[in-house]
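Accompanying notes for the structure given below.
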Amino acid sequence: MRCLLCPLLLLCSLAGCGDDGGSAAAPAPGRVVALPAQRTSAEELATFCEVHPEGADAPAFAWPESLEGTTPGAASGWRWVNVWATWCRPCVEEMPRLEGFRERLAQAGTPVELVFLSADAEEEAVRTFLAEHPDHPTGPRVADTEALRAWLGGFGLDEGAPLPIHLFVDPAGKVRCARTAAITDDDYDSVATLLAP
């Protein structure tokens, strides 16, 4: 008669389950070692940017029509355009952070021109806001809401995109990233990765 328990006893002895009262056997080493997944810079930018065109697909940057105020000339490096409005609380709250990012980037050897583009329909709203907040940066303003929506649509954003909006324009004048959300302290590395030479 064949022993049905023999294979089990052999397996048990190999696995160390027939302990003779001595020290417990060490667990068998695992065959798979799990490591936390590291996000690539492309994955990081894909989550940071809503629109992240590459190569020839990137649209050329041009200022919107019906722009009021002085527009910067051609950029010699990266340009970061922040579309904001006085009534947009996240816009106002993030402005000092954006200035701080610009300074940190410059100290790290990555200068970027930061331009604040107001989406306020009324010039008086901007004038009053700046009188109450003299430390806030100034910039041009797009008074025509329809022109602003069409302009943003040209960069792949929904025409009803909420403020704040961030456009990152490379030294060749191409929009490489468009984002419709406030920037937080945790976003510095994403911005630095985007602007890295």
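None of the figures in this text is laboratory data; all of them are computed from the coordinates on show. Here the structure is a predicted model, which means the values were calculated and not measured. Every residue, glycine as well, gets a Cβ built from its backbone with ideal geometry; the counts of neighbours run over all protein chains shown.
What number results when the radius of gyration of the range 51-195, computed over Cα atoms, is divided by 2.2 N^0.38 Å? Mind dumping the intermediate values first?
Working: Rg = 14.4 Å, N = 145, 2.2 N^0.38 = 14.6 Å.
With N residues counted in the range 51-195, Rg over 2.2 N^0.38 Å equals 0.99.
Suppose R0 equals 35 Å; then what is the FRET efficiency for TYR188 and GLU124 from their Cβ-Cβ distance, rounded to the nearest 0.05? Before the final figure, lay out the partial values.
Values: r = 35 Å, r/R0 = 0.99.
My answer for the efficiency is 0.50.
Net charge near THR86: determine it from the other residues with C-beta under 12 Å of the C-beta of THR86, scoring Lys and Arg +1 and Asp and Glu -1. Working shown, then result.
Values: positive: ARG89, ARG127, ARG141; negative: ASP120, GLU122, GLU123, GLU124, GLU132.
Net of charged neighbours comes to -2.
Between HIS133 and GLU113, what is the label-point separation in nm under the 7 Å Cα-to-beta-carbon projection?
Taking the simple label geometry, GLU113 and HIS133 are separated by 2.4 nm.
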